[in-house]
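Worksheet: one structure, shown below.
The values are calculated or read from the model by the stated rules, or taken from the named source; none is laboratory data. Note that the coordinates shown come from a computational prediction; the quantities given were computed from them, not determined experimentally. Here the Cβ positions follow ideal geometry from the backbone for every residue, glycine too, while neighbour counts run over all protein chains shown. The accessibility values were calculated without ligands, DNA or RNA, using every heavy atom of the protein model including side chains. Shrake-Rupley method; radii C 1.70, N 1.55, O 1.52, S 1.80 Å.
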Amino acid sequence: AGGVTKLGNDQTTVILCGAGSGSAPAVSVFDAVDGFSLGAFYAFSEQYKGGVRVALSSPLADGTSYVVVGSTINSHVVSFLLDDYNTAVSSFYAFPPDNCPSGLYVTAADLDNNGQIEIISGAAMGKTSPQVAVFSLEGKLKKAFNAFDMNFLGGVRVAVDDIDADGDLDILAASG
């Protein structure tokens, strides 16, 4: 994941990388221009070895962004302020954990233009329908729907963009 954001007092472009399965749940932050490391942190406890999927929210009006991390072995979502990733802002399960043995995909943006980030999650391949759920930053469910036929179990990858150029962000869903 990556994008333009405010880091400290400077506007910069960053790239986020999440560790794969079998290693500690590290998220690394790099300067996208020069490639230098800007830091790293564990998204889950150090004992977790399932891998992390990471997204950077679009910046809010003040330029700040959130790092949103999804598990690859269940539906655990954790968010952090990019400027202070030592303390989680929220931690919740997007779907029943047993229904998502392959985890979930995440993205984040201010969908309703209220100055607050929403977290969008898509269930990965598994035992559940192709669910997409929208949560407040604190983890309160705001909306949920099936992106495809309810019998499709191949997973849903999610993103946001203003596809129809109407000034509002749209949720994009792709089959896994």
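Observations
- Qualifying residue in the range 100-118 (condition: closer than 16 Å to residue 171 by Cβ, free of Cβ contacts under 8 Å to residues at least 40 places away in the same chain and crowded, with 20+ Cβ neighbours inside 10 Å): yes
- For residue 128, the conditions (1) out of contact with any Cys (no Cβ under 7 Å at 6 or more places or on another chain); (2) over 13 Å from residue 78 (Cα atoms); (3) hydroxyl-bearing (Ser, Thr, Tyr) are fulfilled apart from (1).
- Test result for residue 129, open to solvent by 30 Å² or more (accessible area, probe 1.4 Å), modelled with pLDDT under 95 and hydroxyl-bearing (Ser, Thr, Tyr): no
- Residue within the range 74-89 that is closer than 16 Å to residue 124 by Cα and open to solvent by 40 Å² or more (accessible area, probe 1.4 Å) present: no
- Taken over the range 141-167, the criterion of being among the charged types (D, E, K, R) and surrounded by 12 or more Cβ atoms within 10 Å (Cβ to Cβ) is satisfied by 142, 143, 157, 161.
- Search result, residues across the range 119-132 that are without any contact (Cβ under 8 Å) to a residue 40 or more places away in the chain and out of contact with any helix residue (DSSP H, G or I) (no Cβ under 7 Å at 6 or more places or on another chain): 129, 131
- Scanning the range 71-82 for residues that are under 14 Å from residue 103 (Cα atoms), of a type in the set (S, T, N, Q) and either in a strand (DSSP E or B) or modelled with pLDDT under 90 (or both) yields a single hit, 71.
- Criterion (among the hydrophobic types (A, V, I, L, M, F, W, C), without any contact (Cβ under 8 Å) to a residue 40 or more places away in the chain and surrounded by 20 or more Cβ atoms within 10 Å (Cβ to Cβ)) met by exactly one of 95, 135: 95
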